[in-house]
Amino acid sequence: MNSLIATARALMNRGKGLLAMDESVGTCNRRLGEFGIAQTEESRRRYRELLVTAPGLSDSISGAILFDETLQQRTQDGVLFIDVLRRNGILVGIKVDVGAKALAGHPGERVTEGLDGLRERLAHYSSLGARFAKWRAVLAIGDGLPGPACTLVNAHALARYATLCQEAKIVPIVEPEVLMEGVHTLARCGEVTAEVLHHVFDQCYRQGVILEAMILKPNMVLPGVSSTEASTLDEIADATIGCLARAVPAAVAGVAFLSGGQPAQLATARLNALNLRTNSSRTVHEVPFPSIPWPLTFSFGRALQQPALSLWAGCDANRDVAQRALLHRARCNGAATRGAYRSAMDMEGLAI
């Protein structure tokens, strides 16, 4: 178990975060299609090669989450992507769920599947060099949503997945995502997120998950994207910190926020505000908060990749500028984990 704890701590290395490049074939194809790029295996390989070979990526990235296809892909020179990452000091992770499916008997709700055969798949991924894994559950806020059955079944699956990972000597990243879609308020998001997290950690306790050897990947507490409520960076930081402080055990190795479709610069600014608030004395809802026990970092997908993808646009002549855009976003987010990000950094990045 000590090796798992060491891996979890390495992933939460101060000033670094995770590059989520674990999009399924369908999701990756849709994103390529937005820029008129051929939706083929070779296009996906070329794009992912651009990401994993970006020089200096490990300065701000501690681990990369891959998809099954990506784990087996190679560079143009025939080197496995996982070997490129490992040689550069980046830990290799793998998405192991098979996606969210309609939850029978509960219209509008989903449950993430993939537990069948997971023990064998984890053993295979471990043999290939994967050191950590990820499982994502999705919960929507709406009229009566999420319901108790949806919350419980997803919490149960997340804990079962985490236990299987630790049995296989793989660090689990547990991702219960409360979706941004909707008209809900900041307060409503906080209530739902706290309820979900309470259920997740109750199941983790019941199923024997070692908290020191797992990482939580939650959403930030935000108003719905269709809400008319305007929340400041500090309000979002206070709501998120308050939610986590009341729902997440101190033993958890770290918290790596998902971006969830937030614009790249805004996700960075919000992460920075979270770390600024945790590093200063503050009062939330007129109650003094203790020091937060876990490091707060990022596990971003689109918020790291989108600028690079838009610049590359399928043309390898744009490879260098696209890689510089990726590295710039990674550096900005690395700074945000220390509360050291400033908007001027992005103005400087316009020179890319």
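The values are calculated or read from the model by the stated rules, or taken from the named source; none is laboratory data. Note that the coordinates shown come from a computational prediction; the quantities given were computed from them, not determined experimentally. Glycine also receives a Cβ, built like all others from the backbone with ideal geometry; neighbour counts cover every protein chain displayed.
You will find that of VAL96, VAL92, VAL52, the residue that is buried (at least 22 other Cβ atoms within 10 Å of the Cβ) and either charged (D, E, K, R) or touching a residue at least 60 places away in the same chain (Cβ under 8 Å) (or both) is VAL96 and no other.
Would you confirm, using the coordinates I've provided, whether LEU296 is within 27 Å of THR75 (Cα to Cα), modelled with pLDDT of 95 or more and within 22 Å of the chain's Cα centre (by Cα)? In short, no.
Residues in the stretch 242-272 that are over 17 Å from the mean Cα position of the chain (by Cα) and under 21 Å from VAL192 (Cβ atoms): GLY242, CYS243, ALA245, ARG246, ALA247, PRO249.
Annotation: of all residues in the stretch 201-251 being loosely packed, with under 14 Cβ neighbours inside 10 Å and among the hydroxyl-bearing types (Ser, Thr, Tyr), the one that is farthest from PHE298 (Cα to Cα) is THR228. Close contacts from the stretch 26-47, counting a first residue that is over 12 Å from LEU309 (Cβ atoms) and a second that is charged (D, E, K, R), with Cβ to Cβ under 9 Å and a gap of 6+ residues or different chains, come to ASN29/GLU23; ASN29/ARG44; GLN39/ARG30; GLU41/GLU69; ARG45/GLU69; ARG45/ARG74. Listed by position, the strands (runs of 3 or more DSSP E) contained in the stretch 77-178 that have at least 1 residues being among the hydroxyl-bearing types (Ser, Thr, Tyr) are 110-112.
Among all positions in the stretch 184-203, there is at least one residue which is of a type outside the set (Gly, Ala, Ser), in a loop (DSSP other than H, G, I, E, B) and touching an Asp or Glu at 6+ places or on another chain (Cβ under 6 Å). Cβ-Cβ distances below 7 Å connect the following pairs, each with a first residue in the stretch 329-347 that is in a helix (DSSP H, G or I), a second residue that is surrounded by 14 or more Cβ atoms within 10 Å (Cβ to Cβ) and charged (D, E, K, R), and a separation of six or more residues or different chains: CYS332/ASP346; GLY334/LYS16. For the stretch 236-245, does any single residue satisfy the condition of being over 23 Å from THR278 (Cα atoms) and either touching a Cys at 6+ places or on another chain (Cβ under 6 Å) or outside any loop (DSSP other than H, G, I, E, B) (or both)? Among the residues of the stretch 236-245, not one is over 23 Å from THR278 (Cα atoms) and either touching a Cys at 6+ places or on another chain (Cβ under 6 Å) or outside any loop (DSSP other than H, G, I, E, B) (or both), which makes the answer no. So is ILE5 in a helix (DSSP H, G or I) and in contact (Cβ under 8 Å) with a residue 40 or more places away in the chain or not? Against the criterion (in a helix (DSSP H, G or I) and in contact (Cβ under 8 Å) with a residue 40 or more places away in the chain), ILE5 qualifies. Residue-level check: of (1) free of Cβ contacts under 8 Å to residues at least 60 places away in the same chain; (2) buried (at least 18 other Cβ atoms within 10 Å of the Cβ); (3) closer than 27 Å to ILE82 by Cβ, GLY129 misses just (2). When the stretch 205-221 is filtered for residues that are of a type outside the set (A, V, I, L, M, F, W, C) and either within 14 Å of the chain's Cα centre (by Cα) or in a helix (DSSP H, G or I) (or both), the ones remaining, listed by number, are TYR205, ARG206, GLN207, GLU212, LYS217, PRO218, ASN219.
Pull up the stretch 46-76, narrow it to residues that are assigned to a strand (DSSP E or B) and in contact with a helix residue (DSSP H, G or I) (Cβ under 8 Å, 6 or more places away or on another chain), then point me to the one that is nearest to MET12 (Cα to Cα). If we take residues in the stretch 46-76 being assigned to a strand (DSSP E or B) and in contact with a helix residue (DSSP H, G or I) (Cβ under 8 Å, 6 or more places away or on another chain), then SER62 is nearest to MET12 (Cα to Cα). Would you confirm, using the coordinates I've provided, whether LEU216 is at pLDDT 95 or above, of a type in the set (A, V, I, L, M, F, W, C), touching a helix residue (DSSP H, G or I) at 6+ places or on another chain (Cβ under 9 Å) and farther than 15 Å from GLY261 by Cβ? In short, yes.
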